[in-house]
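Peer 1: First, the structure itself, so that you have it in front of you.
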Amino acid sequence: MKLLVINGPNLNMLGIRERALYGAQDYAALCDFVRAQAERLGVSVELFQSNHEGAIVDRIQAAYQNIDGIVINPAAYTHTSVAILDALKAVSIPACEVHLTDVNAREDFRKVSYVRLACDRTFAGFGFDGYRMAMEYLVERYGKPAE
Ligand code: DQA
């Protein structure tokens, strides 16, 4: 099984941006964490981060027929992007939404998620662990049984 983990704008600034909210660990630490989870679960994983909405749409389109599950933290685009929602719908790849913070406990505008409409599950407020939960969900729900 091949997973794709997509991170949106400003997540490359982890460890620098609003540390009280997002923690002290940087994006490289998040990538290491995700890779370790993939190894543990026996799946392959690709990581992609972009600050550009169109680049995220392009990466989702490129996943068509190549990727079995998508974990996506669209960051600020969560709350604005119909284009990312439509891309996820277009490729019909099982997807989970992840947020480091509990978006429902923050400003009202963060309670809206377009992307959620194309996702099986949302894991928000668990820090890095939300990525683990999303990966486990996708492997359990869509992974092939071990041979
Ligand atoms: C975020 C929450 C978003 O509202 C915010 O714009 C982000 C990060 C999170 O991981 O908690 O950039 O997706």
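The values are calculated or read from the model by the stated rules, or taken from the named source; none is laboratory data. Because the structure is predicted, anything quoted here is derived from the model rather than measured. Cβ sites come from the backbone with ideal geometry, for glycine too, and all protein chains shown count toward neighbours.
Peer 1: Kindly provide the set of residues from region 9-23 that are over 28 Å from Gly54 (Cβ atoms) and either touching a Leu at 6+ places or on another chain (Cβ under 9 Å) or of a type outside the set (Gly, Ala, Ser) (or both), ordered by number.
Peer 2: Within region 9-23, Arg19, Gly23 qualify.
Peer 1: Going by what's in this entry, would Ile70 be described as among the β-branched types (Val, Ile, Thr), surrounded by 13 or more Cβ atoms within 10 Å (Cβ to Cβ), more than 22 Å from Phe128 (Cβ to Cβ) and modelled with pLDDT of 95 or more?
Peer 2: When the stated conditions are applied, Ile70 does not pass them.
Peer 1: Do the conditions hold for Ala62, that is, is it surrounded by fewer than 22 Cβ atoms within 10 Å (Cβ to Cβ) and either closer than 15 Å to Tyr131 by Cα or more than 12 Å from the chain's Cα centre (by Cα) (or both)?
Peer 2: Yes; evaluated as a whole, the condition is true for this residue.
Peer 1: Would you mind finding the one in Ser92, Ser113, Ser81 that is modelled with pLDDT of 95 or more, on the phi > 0 side of the Ramachandran plot, polar (S, T, N, Q) and over 11 Å from the mean Cα position of the chain (by Cα)?
Peer 2: Ser92
Peer 1: Let me ask you something else. Could you grab me the full set of residues in region 98-119 that are in contact with a Gly (Cβ under 9 Å, 6 or more places away or on another chain), within 19 Å of Ile56 (Cα to Cα) and not β-branched (Val, Ile, Thr)?
Peer 2: Scanning region 98-119 gives His99, Leu100.
Peer 1: Answer yes if at least one residue in region 135-144 is without any contact (Cβ under 8 Å) to a residue 12 or more places away in the chain and surrounded by fewer than 16 Cβ atoms within 10 Å (Cβ to Cβ), and no otherwise.
Peer 2: The answer is yes, given that some residue of region 135-144 is without any contact (Cβ under 8 Å) to a residue 12 or more places away in the chain and surrounded by fewer than 16 Cβ atoms within 10 Å (Cβ to Cβ).
Peer 1: Quick check: anything in region 100-108 buried (at least 21 other Cβ atoms within 10 Å of the Cβ) and over 21 Å from Lys2 (Cα atoms)?
Peer 2: yes
Peer 1: Could you figure out which of (1) surrounded by 16 or more Cβ atoms within 10 Å (Cβ to Cβ); (2) touching a Pro at 6+ places or on another chain (Cβ under 8 Å) isn't true of Ala76?
Peer 2: That leaves (1) as the condition not met.
Peer 1: A further question on this structure: Take residues that are touching a residue at least 40 places away in the same chain (Cβ under 8 Å) and farther than 25 Å from Val112 by Cα and tell me which of the strands (runs of 3 or more DSSP E) falling wholly in region 1-101 contain 2 or more.
Peer 2: Per the criteria, 2-7, 44-49.
Peer 1: Another question, if that's okay. Search region 14-35 for residues being among the aliphatic types (A, V, I, L, M) and more than 16 Å from the chain's Cα centre (by Cα), and hand back the single one that is nearest to the ligand (Cβ to nearest atom).
Peer 2: Leu21
Peer 1: Whether any residue in region 106-119 is in a helix (DSSP H, G or I), more than 12 Å from the ligand (Cβ to nearest atom) and under 22 Å from Met13 (Cα atoms) is what I want to check.
Peer 2: No: region 106-119 contains no residue that is in a helix (DSSP H, G or I), more than 12 Å from the ligand (Cβ to nearest atom) and under 22 Å from Met13 (Cα atoms).
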